[in-house]
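*Asks:* Could you have a look at this structure, given as structure tokens, before my questions?
The values are calculated or read from the model by the stated rules, or taken from the named source; none is laboratory data. All figures in this text were calculated on a predicted structure; none of them were measured in a lab. Ideal geometry is used to build each Cβ from the backbone, glycine not excepted, and the neighbour counts take in all protein chains shown. What goes into the accessible areas is simple: the full protein's heavy atoms, side chains included, and nothing from ligands, DNA or RNA. Shrake-Rupley method; radii C 1.70, N 1.55, O 1.52, S 1.80 Å.
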Amino acid sequence: MRQYQSMNSSTDLNPVTDARLLLVDDDRELCQMLCEYLQAERFEVHSLFFRIFILFWVAMALIVGGSMALTLAVASRDNESSDTERRPEMAVRASQVLAGGGIGDLRQCGPACSAR
């Protein structure tokens, strides 16, 4: 493709000296060796080993952090007590009103039972 472009362009590009390579691999030694060899052959070479390595660990940290946050959110929601569990005094007061005055007093007391 480089040779085709060089024939059709106004500036003459040398297919070897003007070629750029992007080297992507997870083997650091192989990347380094290939970069050195290709640069000696006058290729412009860029290796993404370090960027991929860092991005992998950033992604892992985000996944672990998100998992921990989700677990804590679900666990705290499951461990929340309901309104009646948090306020047993409301149930105690309602039973006292019921015992003292019957169902009529309990109906009149309504939400005020919890405020007393």
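*Asks:* How about segment 26-60: which of its residues are touching a residue at least 24 places away in the same chain (Cβ under 8 Å) and over 35 Å from the mean Cα position of the chain (by Cα)?
*Replies:* Those that are touching a residue at least 24 places away in the same chain (Cβ under 8 Å) and over 35 Å from the mean Cα position of the chain (by Cα): GLU41, ARG42, PHE43, GLU44.
*Asks:* Next question. Go through segment 23-38 and count every residue that is part of a helix (DSSP H, G or I) and open to solvent by less than 100 Å² (accessible area, probe 1.4 Å).
*Replies:* Final tally of qualifying residues: 5.
*Asks:* Separate question: Which residues, counting only those in segment 75-92, are modelled with pLDDT of 80 or more and open to solvent by less than 60 Å² (accessible area, probe 1.4 Å)?
*Replies:* ALA75, the sole residue that qualifies.
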